[in-house]
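Below is one structure, written out as structure tokens, with a few remarks after it.
The values are calculated or read from the model by the stated rules, or taken from the named source; none is laboratory data. Computed from a predicted structure; not experimentally measured. No Cβ is skipped: glycine too gets one built from the backbone with ideal geometry, and neighbour counts run over all protein chains shown.
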Amino acid sequence: MTRAKQITWVLIVLTMTPLLAWGTGAKAMPIEQQATVTGTPEGPTILVPDHVNVRLGPDMDYDLVGVLIAGQQAPAIGRSPGGDWIQIIYLGVPGDKGWVYAPYVTLNAGQSMLPIVPPPPTPTPRTTATIDPTLAAQFNFGDVVSTRLPTFTPAEPVIYPTMITLAENGGGGFPPILAILGLLVVGLFGTFVSILRQ
């Protein structure tokens, strides 16, 4: 054996011996648990009976940054000038403060205990895209005649013909049956004359 191999074996035996002794005969030492301090918020707090949205400011125009679910509590640190919104400590948002709508939460102290906090600056309204008139004019394809949509035109009233009776006409006049009988007599006379001429 070379000297390097001998040193390696000695080191392995020296490190394994305490480990084997500890694993077979040593008792495990109990881990001592240290008490942790869980802070309870001092001062006014809110309790959420149902879920409530947390916003960056005291109005619906401010961005929604989170939600508190039923049963959660949060320290209340202020109120809006009208008292409709309560400012709470809400970690993870800018300034670690958020706003909740007061009618949706239960405050364990009167609102008069909370100082009035001025609201943060109103957020910039979201812009909607508008059409640039100069750009729109570039796509004007000459004089485009717009087609008018058809409109409803009511029809003229329908006139129904009616028969006028002799009684309505005054009762006088030449009866048409006499003209027919007259033509029949003339036709029979013409037929009789033509038969005699043969």
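Does the stretch 88-95 contain at least one residue that is β-branched (V, I, T) and out of contact with any Leu (no Cβ under 9 Å at 6 or more places or on another chain)? Scanning the stretch 88-95, I find at least one residue that is β-branched (V, I, T) and out of contact with any Leu (no Cβ under 9 Å at 6 or more places or on another chain), so the answer is yes. Does P150 count as surrounded by fewer than 10 Cβ atoms within 10 Å (Cβ to Cβ), modelled with pLDDT of 85 or more and in a loop (DSSP other than H, G, I, E, B)? It is false that P150 is surrounded by fewer than 10 Cβ atoms within 10 Å (Cβ to Cβ), modelled with pLDDT of 85 or more and in a loop (DSSP other than H, G, I, E, B). State whether the residues of the stretch 121-134 include one that is out of contact with any His (no Cβ under 6 Å at 6 or more places or on another chain), modelled with pLDDT of 80 or more and within 30 Å of P75 (Cβ to Cβ). Yes, there is a match, as at least one residue in the stretch 121-134 is out of contact with any His (no Cβ under 6 Å at 6 or more places or on another chain), modelled with pLDDT of 80 or more and within 30 Å of P75 (Cβ to Cβ). Filtering T40, T24, T17 for residues that are modelled with pLDDT under 70 and part of a loop (DSSP other than H, G, I, E, B) leaves a single hit, T40.
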